[in-house]
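> The following block contains the structure, expressed as structure tokens.
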Amino acid sequence: MREPTLALTVFLLISFFVVAQATKPTPRTAYSPVPVTAAREPNPVKSTPESIAQGKKIYGYDCAQCHGTAGDGKTEVAKELKIPDLSDPAVLKDRTDGALFYILKNGHGNMPREGDRVKPEQLWDLVNYVRSLARKPPSAEPKVSN
């Protein structure tokens with residue numbers, strides 16, 4: 001009677017390990033491009049001071065730990081990660097609001113996704129705030145002193 005029990009136990013253990021390996025989550029380091037339809041999604045939330053203030057709240061809770069309060073990515077957490085400098089206008093210039101929304105909602109590389117933790121309108125507020133972090137490029141015109 002012991003042999004069937006032992007065989008069943010071994011079978012169940014092997015099955016458990018096979019299933020555990022098959023369902024093991026893959027690391028989130030691979031880049032997957034933003035779908036064209038998502039990138040073309042227009043921002044339905046106007047970039048107002050109120051929207052930016054709401055986005056700043058979410059950013060403070062969920063993003064500043066890695067991206068830094070100024071968006072420059074110079075944080076302890078970010079030392080090992082490739083964190084883009086969101087305060088550099090060149091970093092975001094080729095990204096549409098729809099692409100930013102998609103990245104925030106679905107994550108990107110090691111960046112976790114917001115998913116459904118916040119409402120879509122709040123994610124659009126966050127897009128507006130992230131846009132506001134970009135430094136204005138220095139003026140090409142020299143200042144003339146009087």
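We did not get these values from a lab; they are worked out from the coordinates using the rules stated. The shown structure was predicted, so the numbers you read here are calculated from the model rather than taken from an experiment. Here the Cβ positions follow ideal geometry from the backbone for every residue, glycine too, while neighbour counts run over all protein chains shown.
> How much length, in nm to one decimal, is gained on full extension between Ala70 and Ser32, taken as 0.36 nm per residue of separation minus their Cα-Cα distance?
Gain in length upon complete extension: 11.0 nm.
> Counting other beta carbons within 10 Å of each Cβ, put Arg135, Arg95 in order, fewest first.
Arg135, Arg95
> Further, regarding this structure: Report the net charge of residues surrounding Leu123, where surrounding means a beta-carbon distance below 14 angstrom and charges are Lys +1, Arg +1, Asp -1, Glu -1.
0
> Evaluate 2.2 N^0.38 Å with N set to the residue count of segment 36-133, then give the Cα radius of gyration divided by it.
Expressed relative to 2.2 N^0.38 Å, the Cα Rg reads 0.99.
> So if each residue of separation counts as 0.36 nm, and I subtract the Cα-Cα distance between Arg117 and Lys46, what length gain in nm does that give?
Stretched out fully, the Arg117 to Lys46 stretch lengthens by 23.4 nm.
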